[in-house]
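Take a look at the structure below.
The values are calculated or read from the model by the stated rules, or taken from the named source; none is laboratory data. From a predicted model like this one, the values you see are computed outputs, not experimental measurements. All Cβ positions, glycine included, derive from the backbone under ideal geometry; neighbour counts span all protein chains shown.
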Amino acid sequence: MVKVKVFDSSAARASKRQVMEAPATDAGAFYEVVDSRRSVRIYADEPVPEDVVRRAMDAALKAPNSSNLQVWEIHWVRSAEKKAKLATYCLGQPAATTAQELFVFVARPDLWRRNNDRMIAHLRSNPKTPEKAFQYFEKITKLVYNQGPFGIFRPFKWIWFTVRGWGQPTPREPISLAHMDVWAHKTTALACQTFMLAARAEGFDSCPMEGLDSKRVKRLLGLPRRAGVTMAISMGKRAEGGIYNERFRFDQKDFIHEH
Ligand SMILES: Cc1cc2nc3c(=O)[nH]c(=O)nc-3n(C[C@H](O)[C@H](O)[C@H](O)COP(=O)(O)O)c2cc1C
């Protein structure tokens with residue numbers, strides 16, 4: 001049996017990976033996007049071209065994500081009837097009711113195994129896939145993300161990780177279904193942020209919303225119990241008065257810690 005290490009940099013160096021050049025980038029353009037992204041609560045009556053939406057969704061799905069298992073979904077709610085319902089389920093917030101487009105970003109911890117199988121099939125399709133990659137998706141991910149029916153493995157995992165952790169650095173999560181939710185939401189939130197920055201880069205605006213009735217939203221979208229609504233996101237062009245205040249952040253000294 002091959003012993004697998006989760007993070008083995010020597011193996012990574014040894015396998016003759018393709019060198020990918022880092023293209024030149026425009027930091028100024030990036031910070032302009034970051035600085036001008038604001039949560040917009042009232043949108044102008046200007047439609048968002050479909051290709052803009054599709055590019056933003058494409059960018060969102062390029063966000064970094066845990067184990068590349070892509071446990072996220074974007075639900076673009078396009079039908080007028082469903083949009084109206086979704087705006088109501090977003091508690092009638094103007095950021096939803098005045099939006100040109102509405103999306104729900106959904107975390108799918110329940111789909112890790114399906115995606116894991118797809119990943120293995122994808123790796124198999126490439127004869128050059130290193131054995132280590134197979135090992136990761138055939139052994140490690142199954143050990144780490146399988147919590148058993150109703151999360152029944154939790155106590156066993158807790159004991160195992162705790163005992164192992166006495167002697168060596170050991171991942172402590174996920175060992176429960178709740179941890180799996182956090183795991184999937186982290187990944188999905190990165191897609192959300194990428195999406196909102198892409199919208200801004202395209203000259204449009206957005207607003208993330210967690211002020212919503214997740215139960216009703218899930219029913220509207222036909223989502224199963226284990227799916228989690230990370231947030232709804234509205235999109236459009238800012239109307240006059242659509243940004244309620246100057247951007248404010250607390251003093252960075254309380255948030256940036258150097259060790
Ligand atoms: C997870 C999350 C949930 C949010 N939910 C709402 C919401 O329901 N309604 C709303 O108007 N803004 C919502 N916001 C936007 C925040 O209020 C906003 O990001 C914050 O005030 C900072 O302003 P800025 O985005 O313009 O920099 C949410 C933001 C995040 C990240």
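Hey, can you tell me all the residues within the stretch 183-215 that are loosely packed, with under 15 Cβ neighbours inside 10 Å and more than 13 Å from the ligand (Cβ to nearest atom)?
Scanning the stretch 183-215 gives Gly203, Lys215.
Which of the residues that make up the stretch 225-246 are away from the ligand (no atom under 11 Å from the Cβ) and farther than 17 Å from Val182 by Cα?
Met235, Gly236, Lys237, Ala239, Glu240, Gly241
Would you please name the residue that is surrounded by the most Cβ atoms within 10 Å (Cβ to Cβ), looking only at residues in the stretch 95-126 that are of a type in the set (Gly, Ala, Ser) and within 16 Å of the ligand (Cβ to nearest atom)?
Going through the qualifying residues, I end up with Ala99.
So which residues in the stretch 195-221 are closer than 11 Å to Ala232 by Cα, assigned to a helix (DSSP H, G or I) and touching a residue at least 60 places away in the same chain (Cβ under 8 Å)? Outline the logic, then answer.
So the first thing to find is which residues in the stretch 195-221 are closer than 11 Å to Ala232 by Cα, and the list is 206-214, 217.
Filter once more, keeping what is assigned to a helix (DSSP H, G or I): 214, 217.
The answer is Val217, and nothing else.
When the residues of the stretch 4-41 are narrowed to those that are touching a helix residue (DSSP H, G or I) at 6+ places or on another chain (Cβ under 9 Å) and at pLDDT below 95, which ends up surrounded by the most Cβ atoms within 10 Å (Cβ to Cβ)?
Restricting to residues being touching a helix residue (DSSP H, G or I) at 6+ places or on another chain (Cβ under 9 Å) and at pLDDT below 95, the top hit is Val4.
Keeping to the stretch 229-259, report how many residues are in a strand (DSSP E or B) and either in contact with a Lys or Arg (Cβ under 8 Å, 6 or more places away or on another chain) or among the aromatic types (Phe, Trp, Tyr) (or both).
Of the residues in the stretch 229-259, 2 are in a strand (DSSP E or B) and either in contact with a Lys or Arg (Cβ under 8 Å, 6 or more places away or on another chain) or among the aromatic types (Phe, Trp, Tyr) (or both).
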